[in-house]
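Contents: one structure, followed by commentary.
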Amino acid sequence: MKSLIQFALHTVFLCLLLSSGFANADEDGTSFPKLREQYYRDHPGKGKFAQHWDAIPIQNYWNPKNFYKPPVSVPGEFKREMCVSCHQSLTPGAYHAWKESTHSNLEAIRSLSDPNDPRYYKKQKLADIERNLVQQSLLKEGEKLTEVGCIDCHGKVNAESIEHDKALVMPDRASCGTCHVGEFAEAESEKEQEWPQKQWDKGHPSHAVDWKANVETSIWAAMPEREIAQGCDQCHYQQNKCDGCHTRHTFSVVEARQPEACATCHNGVDHNEFENYMTSKHGTVYQTLGKKNWDFEAPLKDALTKGKYTAPTCQYCHFEADGQFSHNLVKKARWAFNPTTAIADNLKHPWFEERKELWVKTCSNCHSKTFAESALEAADKGTIAGIKVEQEAKKVVQDLFNEGLLTGQKTNRPQPPTPEKDAAGGFFQLFWSKGNNPSRIERIYADMWEHDLIKLYKGIFHNNPGGFTYTEGWSPLLRDYAEIMDENTRLRDEAKQAKPDYQQYIPAVLIGLGGLLILGYVLIRRRP
Amino acid sequence: MKSLIQFALHTVFLCLLLSSGFANADEDGTSFPKLREQYYRDHPGKGKFAQHWDAIPIQNYWNPKNFYKPPVSVPGEFKREMCVSCHQSLTPGAYHAWKESTHSNLEAIRSLSDPNDPRYYKKQKLADIERNLVQQSLLKEGEKLTEVGCIDCHGKVNAESIEHDKALVMPDRASCGTCHVGEFAEAESEKEQEWPQKQWDKGHPSHAVDWKANVETSIWAAMPEREIAQGCDQCHYQQNKCDGCHTRHTFSVVEARQPEACATCHNGVDHNEFENYMTSKHGTVYQTLGKKNWDFEAPLKDALTKGKYTAPTCQYCHFEADGQFSHNLVKKARWAFNPTTAIADNLKHPWFEERKELWVKTCSNCHSKTFAESALEAADKGTIAGIKVEQEAKKVVQDLFNEGLLTGQKTNRPQPPTPEKDAAGGFFQLFWSKGNNPSRIERIYADMWEHDLIKLYKGIFHNNPGGFTYTEGWSPLLRDYAEIMDENTRLRDEAKQAKPDYQQYIPAVLIGLGGLLILGYVLIRRRP
Amino acid sequence: MKSLIQFALHTVFLCLLLSSGFANADEDGTSFPKLREQYYRDHPGKGKFAQHWDAIPIQNYWNPKNFYKPPVSVPGEFKREMCVSCHQSLTPGAYHAWKESTHSNLEAIRSLSDPNDPRYYKKQKLADIERNLVQQSLLKEGEKLTEVGCIDCHGKVNAESIEHDKALVMPDRASCGTCHVGEFAEAESEKEQEWPQKQWDKGHPSHAVDWKANVETSIWAAMPEREIAQGCDQCHYQQNKCDGCHTRHTFSVVEARQPEACATCHNGVDHNEFENYMTSKHGTVYQTLGKKNWDFEAPLKDALTKGKYTAPTCQYCHFEADGQFSHNLVKKARWAFNPTTAIADNLKHPWFEERKELWVKTCSNCHSKTFAESALEAADKGTIAGIKVEQEAKKVVQDLFNEGLLTGQKTNRPQPPTPEKDAAGGFFQLFWSKGNNPSRIERIYADMWEHDLIKLYKGIFHNNPGGFTYTEGWSPLLRDYAEIMDENTRLRDEAKQAKPDYQQYIPAVLIGLGGLLILGYVLIRRRP
């Protein structure tokens, strides 16, 4: 009888998991251990350039699994309550943030009774989590979680005490995934993405492999300035941790559902999505009406109803695919990080066409299908227009490099540090420079493809007019094009000038020789 | 008797219209048809460069009157209720936005009873609209509008059904103006603006002619990349539609009264008003106190009282003129879009002086008259200081062009596409480039006058210190000046170097000739 | 007996003052007059370059003590009530802002009864202020302040009437300090800061001497464009007034405790702290959770409890030192305005080490000590990495200057206006330019040290990844480095080319001379 009930509950649980996009969880309840095992197996640690760099202290926190060691300064075993009471004095900010969180007050969730409360969905989630913990033997059958306190994440779920100098951990994705299995599975499923013409390696680009992408970028590993390099880590750690969006120690979904949650990483010269969103009409509606009236306690699937959204957020469009919301954000990726000919030339391939269809469906939440298709078509073609300009400039720079005509190329071009390799207008030239490497024209080209072109693409797809026509994108792209063309003309003129001009001696030589000839003639005639 | 009452009501109506800034409405109630007729008569359609460009699909939406066709994919006649119920499933975001709007719930307005409610003014507005619709025979005498639903704007006001594949329209200014006659009239009155020394064409620059300004800009029409060109349309469509500020489908005045409503268009390199406002003290008070405490339901005339504003918004200063608020935003325009000598040299003309006085009055809402005058004087003089620098640079670039000394000018200067014409440092060079057109120095100059100088002007008038002295404006202007001067010196030096230097032959030629002369003498003397 | 009570009250008062960081107030109650006297004694007025510039009208407001004159246009004596009633019509915005303020309704403070009200602390503050005013004989013993109206600040505290054309003042720091003695003392205490190796003059850089820093900057005094120069004043007036953070006429602490209050000045190319904060995780939590949930009525010391902060604001970290909050913002200054070798080389000095310890303590409010130390170490080393690049570029530019090789250096290099002096890549070149001063390479270098390097430093210390690695900071620094290196190579190549190449004449001269020699020989041989 008991197992029948268990089976029934199990079935309900799985249905709920599946319906919430948790398609990867195994049916036998072993999903989390498998997920965790695979998560660690996929993790690159220091990556293939490991011998080229050493972690500096702050990196212990960007990749705790590989680098973090508990502090020896606080030895001894501490009970659950002691963690909280001690850190209330030691790190009051962290304590109060936690105190404001759902983690500190699970009873508030358990006692929700109004199905119209936008947080009502959390009640079921909590029950699911507890059931899952039972299956992992972290909770006894029938036991309730009273809170998620320091020890549960920095030690072990439901532990009674912790050896502070030996067992303390900084939580990683798997720590959070212990309870939040569905979200963990969704997020990890980004690794399954495969590009039809190998435009990107499997799983790339995505949050699920962003640490790998980071440490296996040759210039990142090569940079002698490790304190600058760890600036990249400050975003490229989503593969390691979940607090990039759900900031410790509130781990708030209300925070994570607002566009600013994406802003720390998705801004700036080579991925200005946040700026594009905020000054698009989507973003200005969010700012004028959303901030005050929308309810971010509502899950994304209820955004239009309980959430009262009247415009999309970043999350509303990018967590969605085919009407379902999940932590897999790459299901509709097409141009992905940056526009390339390898993508432009294959947009008619079914892989791309299907994803375009998914986008049409997303936009059609608010717009007509025709509008959506027209907007996406314009964005594709506008992006391709930018690629064309960039490719022309690329050839100019490559030719100069091949002919050895770049400024200082023959006299003052140090090689980049290992494992980076020299190349005209390479990515590394944005982060490393010495002598005349890069030359001016190369750096302009590096900015062009990595900044202007990407901003053109991001701006046009986010419907931010100034963000792709004049302030960012097209107009800066043409400025860099004009710079490159001007420089090309001058470098080639200079090369011509620098050749010793032997012609200049011709008149003098001719006259001199003429004189000698006549002289010789005279002398010969003079002979008696 | 009936006509007496009608007359009385009519008079009340007109007084209300007039008092709300609706000065252009005719007294006989025929105002809307006349307005509409004039609106279409003034509209340029594809404009004078029509033969040079074709509309791409997305432009159907930026200028629906000229380009939009109903979708053949959804044939048949649909009743009012069917529109709503069908689109509730098809485009739920649009539905919910509308459901949150005043349009969907006119009863909430009609039932307002507290005169202190900031929305109370809408009650009268609704009565006026209904009266006006009666006059247009769109509503029966005594009939009430129950809602403004899909069909009222996408078909016809108060219609019962619509032929979806034949009669569906995307609303234009006149559609909204059918009900909102006063606002329509106010907005259209921008076309009456005339500049005393023809600095701008009649009505320019203004929202009321921004589509005309767009399509009759030669480089816009000339650009082969139509998907980029439509980026301009994404702002330059205010002449066509009202949802640039009142975003569909809430059409919210609360939205439109907040500065972010202006942000999508009024930001960036050549019109950074939003950025200037937001980091001015006006904007920081809005952000710190306004967002939470001010009531944007209050109309602008009640902003200080019911609205509790303690600092101005964009709307508070720019919709106002002489104490009245309207949708004519150019009544106080002086420097308008960009600073020119044609304006600088005429600031003492009464036209400009009167407008300056209007500004003093605006600022005097909060500041002393003396403060206002001092600030405006500083802003005028600071702007003129910028013009001086820009004009000096202009001459340098023009001279190089006239002398043929620009990089590649004689070897690699393709002409811009028709109907654009070549010019040194022209506007077109911000959006089109090929070979050495523009040369580097021209593009710098184009950025200088179109970006730096405008940002200097916008920054100083919006009281944003960094926005006109160091981050934007003056300091970038001087950087471009320095670039231009440096380039000028080098282009002229290079030109000198490139000239064949005949002087170098002089010594050899002299010596050779000397030798010949002596030889000749010898030969002659040798003659017997 | 009375004096005993007075003594007791006095003691309580002083304890309160001291406990609120008001360490500078004298024990005998004469603190304010002394403070005021010292404030005026320290004030530079027009400063050491006074003879080089004249105040323009708007500057009357940036430094009212030195420049403001009451308006003669409004003569006569006006009573307290008349000020308010007249300005309610004349400047309604100012009136309503004041009406929303605590100043207009002191009774609301006096009647606070709930100690849990975050504003409760103001009740004691009001009592302290009244006591202090009694001591200054501005209030009678037992008299209560009913309001702080126009006359109290623009005339004299508690005055009954004012001669509008003779006695009207624009309030300065001392005006506010009359009541807010503690805050005045705290703010003035910034002047006591002394740098161990004289990296900065005593008291610099700080809000307390920012006007002096402004008027004694040679290029500021030298600039002919006074309307541009006053752009600097628009921030550099904190030494003169308090409304830079507490905007008139609400003078709100709620405003001043929010990051946007700092934004008007602390943004942009050479001090982008606001941008860095806003897109750091600190700032995004503030935007997503803080704006709605935190209570800015709570004083900073109660920020985590009554204020419910879950992340820091600008104010929370920069007003704090060793657990105490005050208006002295420089107690933890280390790199201060800009990174220099003079600081980098001395970071091990106890002065710097102690301040670093204070920062560790600040960060430890939320983070572990180890995290804090690691983050600060990375920030220090990252900043030093930037200095190294900048110093290499500096030498290149200085050498070119010393060798006279800068573009136009020998032909077209006007001297900057007095009292500025010429220098390679000087600060003045950001704000003044003429002919080839600065040359292109110098301006790039000026941008490099004043913008890129500072932004690298600000970004890394504010934990904004893109703010120091790619969008601002390191990558732009390397771009400018590459530009400078490229320019250096080319300027030196050009210099080589430009030298008259006498070698080219050698063949012709030799041949010519050879011809002459042979001729001479022939002639000699011909002699009979």
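The values are calculated or read from the model by the stated rules, or taken from the named source; none is laboratory data. Predicted, not measured: the structure shown is a model, and the values here were computed from it. Glycine gets a Cβ as well: all are built from the backbone with ideal geometry, and neighbour counts include every protein chain shown. Just the protein is used for accessible areas: all its heavy atoms, side chains included, with ligands, DNA and RNA removed. Shrake-Rupley method; radii C 1.70, N 1.55, O 1.52, S 1.80 Å.
Sorted into 20 angstrom bins from 0, the C-alpha pair distances of chain C split as 18, 46, 24, 7, 3, 2, 0, 0 percent. Sorted from nearest, the other copies put their residue C:354 label points 6.8, 6.8 nm away, the label point being 7 Å from Cα in the direction of Cβ. Summary of packing: across the peptides A:222-230, B:110-118, the per-residue average of other C-beta atoms within 10 Å ranks them, highest first, as A:222-230, B:110-118.
By accessible area of protein heavy atoms, probe 1.4 Å, what ranking do A:81, B:130 get, highest first?
Sorted descending by solvent-accessible area, the residues read A:81, B:130.
Mean partner shielding of peptide C:244-256, defined as the number of other chain Cβ atoms within 10 Å of each residue Cβ, is 3.
Computed about its Cα centre, the charge dipole of the stretch C:431-479 is approximately 100 debye, with only Lys, Arg, Asp and Glu carrying charge at their Cβ. Legend: mean number of C-beta atoms from other chains within 10 angstrom of residue C-beta atoms, peptide C:277-285, equals 6. According to the square roots a ≥ b ≥ c of the eigenvalues of the Cα gyration tensor, what is the shape class of the stretch B:249-288, taking rounded for a/c under 1.5, prolate for a/b larger than b/c otherwise, and oblate for the remainder? Since a/c reaches 1.5 but b/c is at least a/b, the shape of the stretch B:249-288 is classed as oblate.
Using a 1.4 Å probe, how large is the accessible area of residue C:452, given in Å² and rounded to the nearest 10? Estimated to the nearest 10 Å², residue C:452 gives 10 Å². As a fraction of the 1.4 Å probe accessible area of chain B, surface on carbon and sulfur atoms comes out at 57 percent. Taking the Cα centre of the protein assembly as shown as reference, the dipole from Cβ charges on Lys and Arg (+1) and Asp and Glu (-1) amounts to some 3820 debye.
Take the stretch C:161-215 with all the other protein chains still there, run a 1.4 Å probe, and you get 37 Å² of accessible area per residue. Between C:153, A:305, B:384, the Cα set farthest toward the positive side of the dipole of the protein assembly as shown (charges on each charged residue's Cβ, about the Cα centre) is that of B:384. Residue B:275 sits with roughly 70 Å² accessible to a 1.4 Å probe, with DNA, RNA and ligands left out of the calculation. What the phi angles of the stretch A:204-220 give under the Karplus curve with 6.51, -1.76 and 1.60, with θ = phi - 60°, is a coupling list of 9, x, 6, 4, 5, 10, 6, 6, 4, 4, 6, 6, 9, 8, 4, 5, 4 Hz, glycine and proline written as x. On a 0 to 90° scale, report how tilted helix A:121-135 is relative to the longest principal axis of chain A, with both axes built from alpha carbons and the result rounded to the nearest 10. Taking Cα atoms only, the helix is inclined about 80 degrees. Ordered from highest to lowest accessible area with the whole protein assembly present and a 1.4 Å probe, B:390, B:77 read as B:77, B:390.
Just check the stretch A:28-149 against the gyration tensor rule for me: Cα atoms, a ≥ b ≥ c as the square roots of the eigenvalues, rounded for a/c under 1.5, and otherwise prolate or oblate depending on whether a/b exceeds b/c.
Cα axes put the stretch A:28-149 in the oblate bin.
Shown here for the stretch C:375-465: trypsin sites (Lys or Arg not before Pro) in loop regions (DSSP other than H, G, I, E, B) with at most 11 other Cβ atoms within 10 Å, namely C:410. Phi-derived couplings, Karplus 6.51 cos²θ - 1.76 cosθ + 1.60 at θ = phi - 60°, listed residue by residue for the stretch B:375-381: 5, 5, 4, 4, 5, 4, 5 Hz, with x used for Gly and Pro. Residues B:479, A:334, ordered by accessible area of protein heavy atoms at a 1.4 angstrom probe radius and largest first, appear as B:479, A:334. Dividing the summed helix terms, -39500 (n - 2.57) for each DSSP H run of n ≥ 4, by the number of residues in the protein assembly as shown produces a 222 nm estimate of -14000 deg cm²/dmol to the nearest 500.
Residues in the stretch A:216-287 average 23 Å² of solvent-accessible surface per residue, probe 1.4 Å, ligands and nucleic acids excluded.
Using the 7 Å Cα-to-Cβ label point, sort the distances from residue C:514 to its equivalents in the other copies shortest first and give them in nm to one decimal. Ordered by distance, the counterparts are at 1.7, 1.7 nm.
Using bins of 10 Å that start at zero, the share of Cα-Cα pairs per bin across the stretch A:63-211 amounts to 10, 30, 32, 20, 7, 1, in whole %.
Take the alpha carbon gyration tensor of the stretch A:315-366, find the square roots of its eigenvalues, order them as a ≥ b ≥ c, and report rounded if a/c is under 1.5; if not, report prolate when a/b exceeds b/c, else oblate.
Prolate, since a/c reaches 1.5 and a/b exceeds b/c.
With 27 Å as the limit, the listed pairs A:292/C:331; C:99/C:241; B:292/C:306 have A:292/C:331 beyond it between alpha carbons. Based on Cα atoms of the protein assembly as shown, Rg over Rh with Rh as the Kirkwood radius reads 1.00. Distance from the C-alpha centroid of the stretch A:396-433 to that of the stretch C:60-116: 65 Å, rounded to the whole angstrom.
Estimated from the Cβ-Cβ distance and a Förster radius of 56 angstrom, the FRET efficiency linking residue A:517 and residue C:402 is about 0.60. The stretch between residue C:86 and residue C:72 holds 3.4 nm of extra length on full extension. This uses 0.36 nm per residue minus the Cα-Cα distance. Taken over the alpha carbons of the stretch A:359-406 as equal point scatterers, the Debye sum produces base-10 log I(q)/I(0) values at 0.17 Å⁻¹ of -0.59. Look at the dipole of the stretch A:362-466 built from charges on Cβ: of A:441, A:393, A:375, the Cα furthest out on the positive end belongs to A:441.
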